[in-house]
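See below for the structure under consideration.
The values are calculated or read from the model by the stated rules, or taken from the named source; none is laboratory data. Owing to the predicted nature of the structure, the values given are computational and were not obtained by experimental measurement. Cβ sites come from the backbone with ideal geometry, for glycine too, and all protein chains shown count toward neighbours. Remember, those area values only see protein heavy atoms, side chains included, never the ligands or the DNA or RNA. Shrake-Rupley method; radii C 1.70, N 1.55, O 1.52, S 1.80 Å.
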Amino acid sequence: MRSHALLLLVLAAAAAGRAETYDIGADFAKSEGWTRAGAAFVAEHRDSGFRFLEKGREDAARAPRSGGVTFHGLEVYESRLWFATSGVARIELSLYNRGDADRPLTAADLGEKLAAVRRLFDAAGAKSPRVEAQNVGNGVQQFRQTWRSPAPAQLVWRGRKVAGGRVDADFVRVTLLPPGGMDAGAQGFAVKARARGKAAIRENVVKVTAATAEEGRTKDGDVFVGNVPMVDQGDKGYCAVATCERVLRYYGLAVDEHELGASAGSTASGGTSLQAMYETVSALAKKFGLGTHLVYGELDKDVGGRIHDLEKQVADYNKAAKKLRRPEIARSQYVRGGVMWDAAAAQAAMEPVVLKAMKLKLPAFRVFQRALHDQVNAGIPLVWSVTLGIFPEPDIPQAQGGHMRLIIGYNDRTKEIIYTDSWGAGHECKHMPLDDAWAISKAVLFIKPNRK
């Protein structure tokens, strides 16, 4: 009897620790649900994991899979809402994505999920809208269905046929708009055909003075690009696609990290190769009138070119080490199987003080500084690939290894760069010494409009 009572207590405690399931579909089936302000919505559904993406801004919120959100009973892997003065402006629900999934989605599971969504959106006796298909390369197709009534909704999914007639699914996404969201003049579901031009983005440049500096966030002398949307990649190794999503959304293109991740072959644990991300973003940017420009790094080089660069980097490092009377790197630390190609081993052997001294002498440092000023002054953030763990960075979810973030500004007075990580609130605007930032840089590029 005593053990039975103890079991009941344990079960009750476990139940109390779980968030109560919130059915966002049933909630927004009522028109009044769309009129809620961001603060009211997040306060009401905080137990379901909803948090604003940025501190001090109430225009976008996210809830992870662990929040227990459902859509008319279907599990939601990630929920994202955008708010306007009139209330909720847009809802995007990931009903499946590789990054958050415990296992692949089978063809049968995918079919059942799509059929369940269609039953929700089809008016009584009406035929489902036509399925639009688009080939995105490598045998992969992306499909789209759009409902204009009784309420604006869109279903998008992507996958490929594999051996045995199976389907290898990348993601399933539902987007909901408020009543009137498909009216003339509204953005609707469409990704804009062209990104914002140079003149429009230049207006986002913020110059901070002593009078406008915010304690703990900005400093006198800061120059940075404002209004870059935040994305929270969560626990996934999606820093590359999350970073690129932020840039594309900044330019007005409604593209999400799961769509980019599928194109670039991202995995939740392994992330995205820099080369794959560079190629994917370059192709997508070109489609929308954007150009991709590499400032620093080896993303546009073949294997032979990257091996040559590694050999030169080690030689330059050893020169700096000798001058500082520090240990040099032996060939055995970056040669594997007779091949001079193990950048990770070479990087691990480099002392931060020597690495910094070596890189500061590179001509590329001046190129980096010039690009930093020119692009930030034009309202253009820089995509920044780094190696974490070389210098201490407190309060970040990832302690070491490769990472991608955005440089959004500089401060010539304090000799710092201003950057942002795609980890949600608290990571919007951070400072780092310019020399340290350059020392940890693996690649720097930017995406910019080709039109005025």
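May I ask you to list the residues in the stretch 400-419 that are modelled with pLDDT under 95 and either over 23 Å from residue 241 (Cβ atoms) or not in a loop (DSSP other than H, G, I, E, B) (or both)?
Result: 401, 402, 403, 404, 405.
Please verify whether residue 315 is free of Cβ contacts under 8 Å to residues at least 12 places away in the same chain and open to solvent by less than 90 Å² (accessible area, probe 1.4 Å), treating the condition exactly as stated.
yes
Where residues in the stretch 421-440 are at pLDDT 95 or above and assigned to a strand (DSSP E or B), which of them is least open to solvent (accessible area, probe 1.4 Å)?
Only one residue fits best here, namely 432.
Only residues that are surrounded by 14 or more Cβ atoms within 10 Å (Cβ to Cβ) and either among the basic types (Lys, Arg) or in contact (Cβ under 8 Å) with a residue 40 or more places away in the chain (or both): list them for the stretch 210-225, please.
217, 218, 219, 221, 222, 223, 224, 225 - these are the residues of the stretch 210-225 that are surrounded by 14 or more Cβ atoms within 10 Å (Cβ to Cβ) and either among the basic types (Lys, Arg) or in contact (Cβ under 8 Å) with a residue 40 or more places away in the chain (or both).
Working only within the stretch 132-147, note down all residues that are modelled with pLDDT under 85 and touching a strand residue (DSSP E or B) at 6+ places or on another chain (Cβ under 7 Å).
Taking the stretch 132-147 as the starting set, the residues that turn out to be modelled with pLDDT under 85 are 134-141.
Listed by number, the residues that qualify are 134, 135, 136, 139, 140, 141.
Would it be correct to say that residue 83 is in contact with a Gly (Cβ under 8 Å, 6 or more places away or on another chain), without any contact (Cβ under 8 Å) to a residue 60 or more places away in the chain and open to solvent by less than 40 Å² (accessible area, probe 1.4 Å)?
On the way: in contact with a Gly (Cβ under 8 Å, 6 or more places away or on another chain): yes; without any contact (Cβ under 8 Å) to a residue 60 or more places away in the chain: yes; open to solvent by less than 40 Å² (accessible area, probe 1.4 Å): yes.
Yes: the conditions hold for residue 83.
Among the residues of the stretch 45-53, is there at least one that is farther than 28 Å from residue 101 by Cα and touching a strand residue (DSSP E or B) at 6+ places or on another chain (Cβ under 9 Å)? Explain how you work it out, then say what you get.
Let us first name the residues in the stretch 45-53 that are farther than 28 Å from residue 101 by Cα, namely none.
The answer is no, given that none of the residues of the stretch 45-53 is farther than 28 Å from residue 101 by Cα and touching a strand residue (DSSP E or B) at 6+ places or on another chain (Cβ under 9 Å).
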